Amino acid sequence: MEQNEKSLTTKRIIIYLAITFGVTYLLSFAVIYPAVNSISVGMQMLGQLLVGSIMFIPAIGVLLTRLITKEGFKDSYIVPKTGKKSIPYFLFGWFGPWVLIILGAIVFYVIFPDKFDSGMSYMAATLSAQGTEVTADMLKMTMIAQSLTALLIGPLLNIFTCFGEEWGWRGYLLPKMQEKFSLPVVLLVNGIIWGLWHAPLTAIGHNYGVGYWGYPFTGILAMCCFCIVIGVIFTFITIRTGSCLPAALAHGSLNGFAAAPLFFADVNANISPFVGPASTGIIGGSAFIVCAIIMAVVMIKDTKKTT
């Protein structure tokens, strides 16, 4: 009986990954790539819209897999199982990522002070490229407005799209993998799978741009490393609550505030996206790395206590 359950779990993992990767890669190569590279502005806008829609595909994979395998929707990892004890993890999901982003940016600019520009030249150049008339006061107001929006509204606005990913990776794949593998293996493999799923978007420039050495493979490798780190943090708050919602909130907070460290980047500095100041770089993401290590140690100790 136990062997049959393990075989069924393996089958469900394979079906889920086949659907999620199959639909994502097919949509990316057949529709999104031609659209974003089109000379038509309308097609480019369609391509960008479809890029955002990809985040819903893991949730679609969960729905189809549960229906195909007749698993049903019991234990869907949506409603928190710990009641009011979940509140600290929701608060961490909302505010934790931007604290870690700021700490990582501080570390980056302390190590590379020549890349810091209090005049926000990088932000000014970005706005100018969009046809906006830039002044010092306007830069400050834009920075404040974007920061407050990202902090106070961003997590709630982004949770709907981020739920699409988190219900898949943390709400479905995570507990299935826990049935078959040790926690260290789960944390590593789940992150790699998540990173490889991002590969089509990484290849068109998300997070690391284009034209760097080893493009796009080094970018895909870096994304896998980033997803391992972030995945550990999201896994921790999912396991502690029995729900993927805190992870979806944290994912939304991260997406909304991710670009903030670039506000103070020197536009003339040679900044590698693999280093920072954004959290996808190894220095910019240093606070996330430390947090992930601590959480991984705590989770591994918890599993040893229960065995």
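The values are calculated or read from the model by the stated rules, or taken from the named source; none is laboratory data. Keep in mind that what you see is a predicted model, and the values were worked out from it rather than measured. Cβ atoms come from the backbone with ideal geometry, glycine included; neighbour counts cover every protein chain shown.
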Pairs where the first residue, in region 211-223, is without any contact (Cβ under 8 Å) to a residue 12 or more places away in the chain and the second is assigned to a loop (DSSP other than H, G, I, E, B), C-beta under 6 Å, 6+ apart: none
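Just to verify a result, which residue in region 193-226, among those that are of a type in the set (Gly, Ala, Ser) and in contact with a Pro (Cβ under 7 Å, 6 or more places away or on another chain), is nearest to residue 37 (Cα to Cα)? Walk me through it before giving the result.
Going through region 193-226, the residues of a type in the set (Gly, Ala, Ser) turn out to be 195, 199, 203, 205, 209, 211, 214, 219, 222.
From what's left, in contact with a Pro (Cβ under 7 Å, 6 or more places away or on another chain): 203, 209.
On the way: 203: 13, 209: 15 Å.
Among those that are of a type in the set (Gly, Ala, Ser) and in contact with a Pro (Cβ under 7 Å, 6 or more places away or on another chain), it is 203.
Could you please find all residues in region 76-85 being on the phi < 0 side of the Ramachandran plot and part of a loop (DSSP other than H, G, I, E, B)? Steps first, answer last, please.
Step one: filter region 76-85 for residues on the phi < 0 side of the Ramachandran plot, giving 76, 78-82, 84-85.
Those that are on the phi < 0 side of the Ramachandran plot and part of a loop (DSSP other than H, G, I, E, B): 76, 78, 79, 80, 81, 82.
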Count of region 1-44 residues which are over 24 Å from the mean Cα position of the chain (by Cα) and either over 28 Å from residue 66 (Cα atoms) or among the acidic types (Asp, Glu) (or both): 10
Complete set of residues in region 117-140 that are hydrophobic (A, V, I, L, M, F, W, C) and exposed (fewer than 11 other Cβ atoms within 10 Å of the Cβ): 129, 136
Residue list for region 250-307, filter: at pLDDT 90 or above, in a loop (DSSP other than H, G, I, E, B) and either over 16 Å from residue 99 (Cβ atoms) or within 16 Å of the chain's Cα centre (by Cα) (or both): 274, 275, 278, 279, 280, 281, 282, 283, 284, 285
Hits in region 18-75 - residues which are in a helix (DSSP H, G or I), among the β-branched types (Val, Ile, Thr) and touching a residue at least 40 places away in the same chain (Cβ under 8 Å): 19, 20, 24, 32, 36, 51, 54, 57, 60, 62, 65, 68
Test for residue 278: is it closer than 30 Å to residue 115 by Cβ, in contact with a helix residue (DSSP H, G or I) (Cβ under 7 Å, 6 or more places away or on another chain) and surrounded by fewer than 21 Cβ atoms within 10 Å (Cβ to Cβ): no
